[in-house]
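Novice: The structure's right below; bear with me while I get my questions together.
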Amino acid sequence: MERGKFITIDGVEGAGKSTQIDFICEYLKTKGIRIVLTREPGGTEIGEKIRTLLLSNSTGQMHADTELMLMFAARNEHIQNKILPALEQGDWVLSDRFTDSSYAYQGGGRGLDVSRIAQLESWVVQDFTPDMTLLLDVPVEIGMSRVESRGEKDRIEMEEMDFFDRVRQAYIARSREFPDRIKLIDSSQTIEHTTKQISAILDTL
C-alpha cells in the first residue's frame, strides 16, 4: 500500500486556519483521497489533556522550557499513535500545526534558543518531515482583530502584540529556510483568494 502524504497548516492567530482546513479536507475528498484531520497540541487522548493544560487560562504562569517540553511530549504521542499509523494505512494526514509552531512560538515568541528546540526535534521527530506545510501569513493587527471577534482568548492568545510579531517573523524565517516544503500563503485578503492559492499548491502533490 502506498504511504499517505503528511500536510501541515500553520500560522499566527487569526490567519484563517480553521476555514482553510475545512476547504482542504473537502478538496482532497473530491480527489478521492482519504484524509485524517488532527491538531497540535492534541490529536491523541494524552495530547488533548496536555492541550488543555497548555491553553487553559486557569493554568497560570508556566516556564517557557516547561511549555516547550509539554509541546514535544504531546507531539511524540501524536506522531507515534496517530500520524504514522494513518500514513502507513495509505491515508493522508492534515495537522493543524506541527514542529514549525514550536520554532515560532517558543523560539520566536518566548525567545528560547532554537538549538535547544532542534535537540528536542532530533529526539522526538527525528527525520520525519511533512510532505508540505501551508503557512498562512497575515499581519498581526489583522489576525488579532479576528481573534478579538471570536470572544474569550486562551492562554497563548492573551500575549501582547510584540509576542505575535516575533512569532510571525520566526514563521517567515522558517519559510525562507525551507522553501521547498513551507509554502507562504497570503491570507490577509478574501477567503476565496486564499483557497485559490492553496488548491494550486495541493495539486502539486
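Conditions tested, residue by residue: (1) within 15 Å of GLY14 (Cα to Cα); (2) without any contact (Cβ under 8 Å) to a residue 40 or more places away in the chain; (3) among the polar types (S, T, N, Q); (4) out of contact with any helix residue (DSSP H, G or I) (no Cβ under 9 Å at 6 or more places or on another chain).
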| residue | (1), (2), (3), (4) |
| --- | --- |
| THR129 | no, no, yes, no |
| LEU135 | yes, no, no, no |
| GLY143 | yes, no, no, no |
| MET161 | yes, yes, no, no |
| GLU177 | no, yes, no, yes |
| SER187 | yes, no, yes, no |
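Novice: Further question on the same structure: For segment 28-56, what are the residues that are part of a helix (DSSP H, G or I) and within 20 Å of ARG146 (Cβ to Cβ)?
Specialist: LEU55
The rows are residues; the columns are (1) part of a helix (DSSP H, G or I); (2) surrounded by fewer than 16 Cβ atoms within 10 Å (Cβ to Cβ); (3) under 15 Å from the mean Cα position of the chain (by Cα).
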{"residue": "ALA104", "(1), (2), (3)": "yes, no, yes"}
{"residue": "GLY107", "(1), (2), (3)": "yes, no, yes"}
{"residue": "ASP154", "(1), (2), (3)": "no, yes, no"}
{"residue": "PHE163", "(1), (2), (3)": "yes, no, no"}
{"residue": "VAL167", "(1), (2), (3)": "yes, no, yes"}
{"residue": "THR194", "(1), (2), (3)": "yes, no, no"}
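Novice: Only one of these conditions is not met by CYS25: (1) part of a helix (DSSP H, G or I); (2) over 23 Å from THR194 (Cα atoms); (3) out of contact with any Phe, Trp or Tyr (no Cβ under 7 Å at 6 or more places or on another chain). Which number is it?
Specialist: Exception for CYS25: condition (2).
Novice: Still on this structure: From the list GLN126, GLN189, pick out the single residue that is modelled with pLDDT under 95 and not charged (D, E, K, R).
Specialist: Every option except GLN189 fails the conditions.
Novice: If ALA74 passes every condition in (1) assigned to a helix (DSSP H, G or I); (2) among the aliphatic types (A, V, I, L, M); (3) under 30 Å from THR190 (Cα atoms) but one, which one does it miss?
Specialist: Only one criterion is unmet by ALA74, namely (3).
Novice: Filter segment 40-61 down to the residues that are without any contact (Cβ under 8 Å) to a residue 24 or more places away in the chain and surrounded by 12 or more Cβ atoms within 10 Å (Cβ to Cβ), then identify the one that is nearest to the chain's Cα centre (by Cα).
Specialist: Taking the candidates together, the pick is ARG51.
Here's the yes/no breakdown for (1) modelled with pLDDT of 95 or more; (2) over 15 Å from the mean Cα position of the chain (by Cα); (3) hydroxyl-bearing (Ser, Thr, Tyr):
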| residue | (1), (2), (3) |
| --- | --- |
| GLY111 | yes, yes, no |
| SER122 | yes, yes, yes |
| ASP131 | yes, no, no |
| GLY143 | no, yes, no |
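Novice: Tally time: how many residues in segment 17-33 are over 18 Å from PHE98 (Cα atoms) and of a type in the set (Lys, Arg)?
Specialist: The qualifying residues number 2.
The values are calculated or read from the model by the stated rules, or taken from the named source; none is laboratory data. Quick caveat: nothing in here was measured; it's all calculated off a predicted structure. So basically every Cβ, Gly included, is an ideal-geometry build from the backbone, and we count neighbours across all protein chains shown.
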